[in-house]
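A short write-up of the structure that comes next.
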Amino acid sequence: MPTITFTSEKKEIQVPAGANLRTEALRAGVQLYPGVHKYLNCHGLGQCGSCRVLITKGMENTSRKGLLESARLAVSLAAIGNEQTMRLACQTRVNGDITVETKPPLNLFGENFFS
Ligand code: FES
């Protein structure tokens with residue numbers, strides 16, 4: 001069974017192969033949504049973009065991005081600088097061990113902007 005490690009929450013859960021990341025996170029009590037999006041979200045339809053996470057390890061163990069997810073992330077400012085690691089939890093299937101950072105901060109100018 002794949003293991004999902006949530007770094008911010010310091011929580012590890014085991015899920016069946018092919019499980020939906022959003023469903024499993026919420027079932028385990030991991031809060032994916034920042035602020036008011038806890039109540040105002042699309043409930044997994046891939047429309048709001050508020051369930052975005054960073055897959056910091058094991059991206060190869062997730063399902064490929066679909067057209068809907070790619071399109072949604074393409075118009076998201078939060079994806080800037082995180083194109084390779086950002087996913088929508090509701091559109092991600094877990095096929096192997098992954099490490100997840102929930103509620104990633106905006107990184108509009110990159111880490112070295114002010115240096
Ligand atoms: S819950 Fe809205 S995009 Fe995932």
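Bear in mind these aren't lab numbers, they're just calculated from the coordinates by the rules spelled out. These numbers were taken from a predicted model, which means no experiment stands behind them. Neighbour counts run over all protein chains shown; Cβ positions are idealised from the backbone, glycine included.
Some points to look at:
- Sum of -39500 (n - 2.57) over DSSP H runs of 4+, divided by residues of the chain (222 nm, nearest 500): -3500 deg cm²/dmol
- Hz values of 3J(HN,Hα) by residue in region 25-38 - Karplus curve (6.51, -1.76, 1.60), Gly and Pro given as x: 5, 5, 4, 8, x, 8, 7, 8, 9, x, x, 5, 5, 4
- Each label was represented as a point 7 Å from its Cα along the Cα-to-Cβ direction; for ILE80 and GLN47 these points are 2.7 nm apart.
- Farthest toward the positive end of the dipole of the chain, out of GLN84, PRO105, HIS37, is the Cα of HIS37, where the dipole comes from beta carbon charges about the Cα centre.
- Cα-Cα pairs of the chain separated by more than 21 Å (percent): 32
- R0 of 22 Å, Cβ-Cβ distance ALA17-MET59: FRET efficiency to nearest 0.05: 0.85
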